[in-house]
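Presented below is the structure to which this report refers.
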Amino acid sequence: MALASVGITEIPVLPKLRVGLYSTGSELLASRNNQPATGRVEDANGPYIAATLADNGVDVEFLGILDDDVETMMHTLKFNLEKNDCDLIISTGAVSTGRFDLVPSALQRLGAHIVFHKIGIRPGHPVMFATIPNISTGRSDEIPFFGLPGNPVASAACLRFLAMHYLKCLQSQLPETPLAARMSCPHDAKTARQSAHPWKSETFPRRKLLDTHP
Ligand SMILES: Nc1nc2c(c(=O)[nH]1)N[C@H]1C(S)=C(S)[C@@H](COP(=O)(O)OP(=O)(O)OC[C@H]3O[C@@H](n4cnc5c(N)ncnc54)[C@H](O)[C@@H]3O)O[C@H]1N2
Ligand code: MOO
């Protein structure tokens, strides 16, 4: 309205970013034609991430659920990489150390460079970021890939605190100003994790936010 009021009817804008999104896990309902069965899980991450990205002005395409099979995973990723021209790919699940956590292996088979895998945050520590060499004809650069953890809270946290920052950067937006906060617990999270036994409750003591400093 402000621009129109001074006669400006056209302005240059950046194209919307395109994100390709996958959920992973053979336990997810949609990967078996929505047949309810014991032990099956509704896909909570796909719809949540798609809606959050769309709210932030991103064109997001849900590319489906990847089953827990490294060959299928790799071929599906390759097929979509050839076909789609995404600025970023995001997957959820299969990034930890279990038998079926096959996203890192599928990426390695595609010749990806794993930039980081596992970082010092909870929830979200198995998160990974990689770049995949481009195999579609239309572009020459590498395609960035976030492998977010499957745990829905961890995937939401990694989306908010990692992937959204990355997207903002691609959109040439200014970084958010971090807010320093003082917590009730005197321990440094890193020290507490290294020094305590993982099965003891004091490993991750409950914390209260005391105050914040802009
Ligand atoms: N040996 C280790 N095991 C685990 C570690 C570890 O460090 N060493 N880390 C744990 C942490 S922390 C997390 S978080 C999880 C994340 O593992 P994955 O990313 O491999 O996630 P999945 O095993 O595929 O799924 C975890 C959990 O979430 C459910 N899930 C997955 N996708 C969805 C979805 N789209 N919608 C709803 N729910 C979903 C899935 O069924 C599992 O229950 O690893 C720990 N293990
Ligand atoms: O760090 Mo996991 O990501 O506990 O939820």
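See the values below:
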quantity: The range 1-35, subset within 16 Å of ligand 1 (Cβ to nearest atom) and either farther than 16 Å from residue 46 by Cβ or not in a strand (DSSP E or B) (or both), residue modelled with the highest pLDDT; calculated: 25
quantity: Test: residue in the range 99-116 that is more than 13 Å from the chain's Cα centre (by Cα) and within 14 Å of ligand 2 (Cβ to nearest atom); calculated: yes
quantity: Residues (part of a loop (DSSP other than H, G, I, E, B) and within 10 Å of ligand 1 (Cβ to nearest atom)) located in the range 120-135; calculated: 121, 122, 123, 124, 125, 126, 127
quantity: Test: residue 100 is away from ligand 1 (no atom under 16 Å from the Cβ) and more than 25 Å from residue 52 (Cβ to Cβ); calculated: no
quantity: Pair list, Cβ < 8 Å and 6+ apart or interchain, from the range 55-78 residues that are without any contact (Cβ under 8 Å) to a residue 40 or more places away in the chain and under 12 Å from residue 103 (Cβ atoms) to residues that are of a type in the set (Lys, Arg) and more than 16 Å from ligand 1 (Cβ to nearest atom); calculated: 70/109; 74/109
quantity: Residue within the range 116-131 that is farther than 20 Å from residue 63 by Cα and in contact with a Ser or Thr (Cβ under 7 Å, 6 or more places away or on another chain) present; calculated: yes
quantity: From 207, 160, 193, residue being within 16 Å of ligand 2 (Cβ to nearest atom), modelled with pLDDT of 90 or more and among the basic types (Lys, Arg); calculated: 160
quantity: Members of the range 136-168 that are assigned to a loop (DSSP other than H, G, I, E, B) and either within 14 Å of ligand 1 (Cβ to nearest atom) or touching a Leu at 6+ places or on another chain (Cβ under 9 Å) (or both); calculated: 136, 149, 150, 151
quantity: Where residue 95 falls short, out of the listed (1) within 12 Å of ligand 1 (Cβ to nearest atom); (2) in contact (Cβ under 8 Å) with a residue 60 or more places away in the chain; calculated: (2)
quantity: Whichever residue in the range 118-157 is β-branched (Val, Ile, Thr) and within 13 Å of ligand 2 (Cβ to nearest atom) and, among such residues, is nearest to the chain's Cα centre (by Cα); calculated: 127
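The values are calculated or read from the model by the stated rules, or taken from the named source; none is laboratory data. Quick caveat, the model's predicted, so the values are computed rather than measured. A quick note on method: Cβ atoms are made from the backbone with ideal geometry, for glycine too, and the neighbour counts reach across all protein chains shown.
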